[in-house]
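A.B. asks: I am attaching a structure below and will ask some questions about it afterwards.
The values are calculated or read from the model by the stated rules, or taken from the named source; none is laboratory data. Just so it is clear, the model here is predicted, and its values are computed rather than measured. No Cβ is skipped: glycine too gets one built from the backbone with ideal geometry, and neighbour counts run over all protein chains shown. For the accessible areas, the whole protein counts, side chains as well, though only heavy atoms, and no ligand, DNA or RNA atoms are used. Shrake-Rupley method; radii C 1.70, N 1.55, O 1.52, S 1.80 Å.
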Amino acid sequence: MEFVNTFWALVPAIVAIVLALITKEVYSSLFIGILVGALLLTGFDPIGTVDAIISGTFVPTGGTEEDAITTGLIPALADSAGIFVFLVMLGILVALISVTGASAAFGTWAAKHVKSRVGSQLATFALGVLIFVDDYFNCLTVGSVMRPVTDGHRISRAKLAYLIDATAAPVCMIAPVSSWAAAVSGVASDLNVDGIQLFVSAIPFNFYSLLTLLFVVVIVVMGFDYGPMAKSEMEAIREGRIGSLGNDEPVVNTRARLWDMLIPVVVLIVFCIVGMLYVGGFWDPAAEGYQSLILAFGNTDAFLALPWGSLIALVFTFVYLLLRRVVAFKESMKCLTSGFNSMLPAILILTFALTLKGMTSALGAAEFVSGCMEGVAGGLFSMLPAIIFLVACGLAFATGTSWGTFGILIPIVLPIFANNPELLTIGISACLAGAVAGDHCSPISDTTIMASAGANMNHVEHVSTQLPYVITVVAISFVCFVLAGFVRNPWICLAVGAVLVIGALFVLRRTIGVDERKLAAESDA
């Protein structure tokens, strides 16, 4: 075991990162990282390597039964069964709602009540924030619901796609009740770290996600755009060319009503929250979390609670929609397979990421990195969150996956700040924020692709129009992480970030911005 607790413990993660950057393909990169870890653990024994990758518990070469190590795909699948169930439930629920025509019913209602360009964009933003349980669910729902509303106010599909994308991953990454929270919790659950509690504590430091939401509200209220987005909005307002690919009419069902979409979503959110509180002991007098909301969320097991809530919501939705006769039983059953298939990429990424984490943990990466960082100078050490943010941005942009990025980086970040709880929270936040930022502007990101699909527009145009907006928030977030490394107070850093966002938008409006209201007035005249 000459590779344990040495630099070699980091090699599997490094290999995965380098390959991901070169190939822009996360599945093979993560698997090769797993293979390298297994080879190092077994001393390059072929049979032992296969055993380490697949079966789980094995005895290292030259070791005894007491030295048995648990790694591999099977333990990762077993430990993550709860989140896999939750993802499948969400996929089925999305598929079920999409075939009922409930989205079209909601769009018809919204078109009657939303009277302005600003109002339609803020309504899209609000719906995106409301659907915080999963980014797939968000993209697949918000686009189909809000297209009729934004089209009626001559808002380009590029702007709609940006609003969808900006309220998908960024919102999920700051919502404790989401598939993302469960995934992060699973990756960070080792090394005596409570994954969900760490996730919650990192939310105030997730500057990119929080400032993106502020950026969207401010630029919508100010009524201007810049960069390629301004050109798309000019074409929509002046010429009525919104950028649709056509054939995007939602499923129309005369039986479907507004509530056929809202009720399942509300039930899902409510029961997921109730499930997390129940599993965390909120109603158990003998449990540590009794009568304490924060303790209950900290003590909960998201892998158990989220499937608990989503199963109730799914069963309720099936029964409700069948009783309402908005969908036939045979058609509803087809949603089981289509929903499952839609979640397979996320399940595969998470399985590989957790397996890689197990390999680096077994090789003693935590012990090696902690020892190396003990002698790092204070100033440089405080700059690490900002550096981690940039690394995560680059990796997520190159690979197109947030989950793969934090799956690779969290096992490295955790031991770096193991003896510094304050910077641990900031470092994890930097990793998560960078993963979202890079994924947000990556042309090969599944979320970005689904945002384009949700808006039914050209994917390359979506990427190019939103890229300047993402870069603006990334630059401001980097400044906030530099400041956070020294100040270590999220509210001061957020205040500075908010001032920078608003200030930057005022400058951009006066220099290169295009006023939507002026264009609309000229067009109407």
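A.B. asks: Based on the mean of other Cβ atoms within 10 Å per residue, sort peptides 409-415, 38-44, 484-490 so the most packed one is first.
C.D. replies: Going by the mean number of other Cβ atoms within 10 Å, highest first, we get 409-415, 38-44, 484-490.
A.B. asks: May I ask you to derive the relative contact order of the chain, considering only C-alpha pairs under 8 Å and at least 6 residues apart, and to give it as an integer percent?
C.D. replies: Here the relative contact order equals 23 percent.
A.B. asks: Expected output is a single nm value to one decimal: the length gained when fully extending between Ile74 and Val487, i.e. 0.36 nm times separation in residues minus the C-alpha distance. What is it?
C.D. replies: Working it through step by step, the gained length comes to 144.4 nm.
A.B. asks: If I take all pairs of Cα atoms in the chain, what percentage of them are more than 44 Å from each other?
C.D. replies: Result for the distance tail: 16 percent.
A.B. asks: Just by accessible area at a 1.4 angstrom probe, what is the order of Lys357, Lys231, Lys115 from largest to smallest?
C.D. replies: Lys115, Lys231, Lys357
A.B. asks: If we count every other residue with Cβ under 15 angstrom of Phe318's Cβ, Lys/Arg +1 and Asp/Glu -1, where does the sum land?
C.D. replies: Residues near Phe318 contribute +2 overall.
A.B. asks: Using the per-residue mean of other Cβ atoms lying within 10 Å as a proxy for protection, in what order, highest first, do the peptides 437-449, 73-85, 471-483 fall?
C.D. replies: The most tightly packed comes first, giving 437-449, 471-483, 73-85.
A.B. asks: Here is a follow-up. Mind ranking Met276, Met333 by accessible surface for me, highest first, 1.4 Å probe?
C.D. replies: Met333, Met276
A.B. asks: I'd like to know how the stretch 77-147 sits against the 2.2 N^0.38 Å rule of thumb: what's its Cα Rg over that expected value?
C.D. replies: Compared with the compact-globule rule of thumb, the stretch 77-147 sits at 1.32.
A.B. asks: Further, regarding this structure: Run the accessible area of the chain with a 1.4 Å probe and give the carbon-and-sulfur part as a rounded percent.
C.D. replies: 68 percent
A.B. asks: Which of the lysines could a cross-linker bridge to Lys159, judged by Cα under 20 Å and excluding same-chain residues fewer than eight apart?
C.D. replies: Filter leaves Lys115, Lys231, Lys518.
A.B. asks: If you don't mind, another one. Which order do the peptides 232-238, 215-221 come out in when sorted by mean C-beta neighbours inside 10 angstrom, highest first?
C.D. replies: The packing order, highest mean first, is 232-238, 215-221.
A.B. asks: Separate question: Whole number in Å², please: accessible area per residue of the chain, 1.4 Å probe, ligands, DNA and RNA not counted.
C.D. replies: In whole numbers, the chain has 39 Å² accessible per residue.
A.B. asks: Which value, in Å to one decimal place, does the Kirkwood hydrodynamic radius take for the stretch 413-525 when every pair of different Cα atoms is included?
C.D. replies: 16.7 Å
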